[in-house]
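Okay, so here's the structure we're looking at.
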Amino acid sequence: METQIQTISDNSINTALEILQNGGVVAFPTETVYGLGANAFDASAVGKIFTAKGRPADNPLSILVADRAMMDLVAVEVPEIAERLIEAFSPGPLTLILKRRQEIPYIVAGGLPTIGVRIPQHEGTLDLIRQSGMPLAAPSANTSGRPSPTSAQAVYDDLQGKIPLILDGGSCSLGVESTIVDCTQEKLKIIRPGFITLDQLEAIAGVGQVELVGVMSSIAEDVTMEEIENLEEQVSSQEKYLHYAPKAPMTLLEGKQEHMVEAMSDELNRLKLAGKLVGVVASDEVIEALVNKGDILSCSCISYGKQGDLMGIAAKLYDALRGFDEKMVTAILAEGVSDEGLGAAVMNRLRKASNGNSIYFS
Ligand code: TXA
Ligand code: MG
């Protein structure tokens, strides 16, 4: 199959509509990352998403809708607290877990009684959904396990030959996926940190009314392997698989900012002595310091932006992680950020990309 990239416009949206109406899949931009969509009511169309991505069948897809009214097509009920979150954050980077309507095929939800649903904030893509009249099952448009795509080119790199059309809307403005909030329990549960922060959710739901769940976001160095394994059995599907990973193994450095350069330098030199070709993904400041120390010789560096500029880092992160795919590196070192605010989402992605392989220092 030939994969076309077309700038998102009335014309290309018409082409996409035709594909969707005939049970096909189309990739399109959102403000978070690119999505790969199909009619959520059509099990065979949705099956094509799993095939193209190589996604395990028990990992549920989230659904994109154009407005609040469309949510009633996929969810049995929208609790009052969910209504308030929609009012505050939709369209935008928030996915709500709600009770699934029977009409949504089993394959979409990986057999769960719930679904994730979101209204993206992207005019062209909202037009596409609105005109199609269908909720779109739409995970991120990457090969399963790879960093999410934040450009049409990144989608193409993963899915060329596997899907007919990519609508190109340029780079995604936010760059990390939506925050996923389970609204089916007594308290709200964040099951994937994202662009909307815990503080923002608490401002709507009330302090203490929002819980953060998930292993990777809470692993500390003093947790034993056994405890981690026990925890892992309890976590949601979205924690179960290797996510967001670049092609070479990555180690994440976590600790105080003022000791980052020293820690990075030590590990870099250790890897070089072990014969590794090292790639560094870090802030401008840390890269500059490593350059000044002469550590960077025979390494490649990719900057994810300015230290502390979390919006900028979120927007560049996935491109940076993909940046080493074309380079000859056999190990990657990444600079961690503080877990505060949007940092929680950035660190969640970095910890997954490194498959939990962190070095801690204080
Ligand atoms: O920003 C986003 O959310 C992007 C854009 C394209 O909208 N989408 C996205 O979809 O990240 P995806 O499928 O790559 O990630 C959705 C996550 C998956 O990890 C899945 O396991 C989880 O949501 N998920 C979906 N439905 C769920 C459910 N009913 N219960 C728990 N987790 C669910
Ligand atoms: Mg994904």
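The values are calculated or read from the model by the stated rules, or taken from the named source; none is laboratory data. Every value quoted in this text rests on a predicted model; they were computed, and no experiment measured them. FYI the Cβ positions are ideal-geometry reconstructions off the backbone, even for glycines, and counts take in every protein chain you see. These accessible areas exclude ligands, DNA and RNA; they are computed on the full protein's heavy atoms, side chains included. Shrake-Rupley method; radii C 1.70, N 1.55, O 1.52, S 1.80 Å.
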**Criterion (farther than 20 Å from G145 by Cβ and out of contact with any helix residue (DSSP H, G or I) (no Cβ under 8 Å at 6 or more places or on another chain)) met by exactly one of V337, V291** = V291
**Message:** Give me the residue from the range 20-33 that is in contact (Cβ under 8 Å) with a residue 60 or more places away in the chain and over 17 Å from G161 (Cβ atoms) and, out of that set, nearest to ligand 1 (Cβ to nearest atom).
**Reply:** T32
**Asked** With L126, L159, L94 as the choices, which residue is at pLDDT 95 or above and away from ligand 2 (no atom under 16 Å from the Cβ)?
**Response** L126
**Fill in**
In the range 60-74, residues that are open to solvent by less than 10 Å² (accessible area, probe 1.4 Å), near ligand 1 (Cβ under 9 Å from one of its atoms) and assigned to a loop (DSSP other than H, G, I, E, B) total 1
**Request:** May I ask you to list the residues in the range 143-158 that are open to solvent by 10 Å² or more (accessible area, probe 1.4 Å) and within 10 Å of ligand 1 (Cβ to nearest atom)?
**Result:** S144
**Prompt:** Between residues in the range 137-166 that are touching a residue at least 24 places away in the same chain (Cβ under 8 Å) and residues that are in a helix (DSSP H, G or I) and surrounded by fewer than 17 Cβ atoms within 10 Å (Cβ to Cβ), which pairs lie under 8 Å by C-beta distance while being six or more apart or on different chains?
**Reply:** P149/D157; D157/D325; K162/T51; L165/T15
**Request:** Just give me the residues in the range 293-323 being open to solvent by 10 Å² or more (accessible area, probe 1.4 Å) and assigned to a helix (DSSP H, G or I), in sequence order.
**Result:** K293, L310, M311, G312, A315, K316, D319, R322, G323
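Please find, among G92, G37, G110, the residue that is buried (at least 24 other Cβ atoms within 10 Å of the Cβ), within 11 Å of ligand 1 (Cβ to nearest atom) and small (G, A, S). Write out each step before concluding.
Details: G92 fails: buried (at least 24 other Cβ atoms within 10 Å of the Cβ); G110 fails: buried (at least 24 other Cβ atoms within 10 Å of the Cβ).
Within the list G92, G37, G110, the selection yields G37.
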**Request:** Go through the range 176-212 residue by residue and tally those that are open to solvent by less than 40 Å² (accessible area, probe 1.4 Å), part of a loop (DSSP other than H, G, I, E, B) and farther than 24 Å from A353 by Cα.
**Result:** 3
**Message:** Just the residues that are open to solvent by less than 30 Å² (accessible area, probe 1.4 Å) and within 15 Å of ligand 2 (Cβ to nearest atom), please, taken from the range 47-59.
**Reply:** I49, F50, A52, K53, N59
**Prompt:** Being more than 16 Å from ligand 1 (Cβ to nearest atom), under 23 Å from V213 (Cα atoms) and either open to solvent by less than 60 Å² (accessible area, probe 1.4 Å) or of a type in the set (F, W, Y) (or both), is that true of even one residue in the range 266-280?
**Reply:** no
**Asked** Which of the residues belonging to the range 339-362 are open to solvent by 10 Å² or more (accessible area, probe 1.4 Å), at pLDDT below 95 and more than 21 Å from L94 (Cα to Cα)?
**Response** N355, G356, S362
**Prompt:** Of the residues that make up the range 113-124, is at least one part of a helix (DSSP H, G or I) and open to solvent by 10 Å² or more (accessible area, probe 1.4 Å)?
**Reply:** yes
**Item:** Only listed residue being under 21 Å from N59 (Cα atoms) and in contact with a Leu (Cβ under 9 Å, 6 or more places away or on another chain), chosen from P147, P105
**Value:** P147
**Asked** Within the range 11-19, is there a residue that is away from ligand 1 (no atom under 13 Å from the Cβ) and assigned to a strand (DSSP E or B)?
**Response** no
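Residues checked against (1) farther than 24 Å from L174 by Cα; (2) touching a residue at least 12 places away in the same chain (Cβ under 8 Å); (3) among the hydroxyl-bearing types (S, T, Y):
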site: K256; (1), (2), (3): yes, yes, no
site: K276; (1), (2), (3): yes, yes, no
site: A282; (1), (2), (3): no, yes, no
site: D309; (1), (2), (3): no, no, no
site: M328; (1), (2), (3): yes, yes, no
site: K352; (1), (2), (3): no, yes, no
site: N357; (1), (2), (3): yes, yes, no
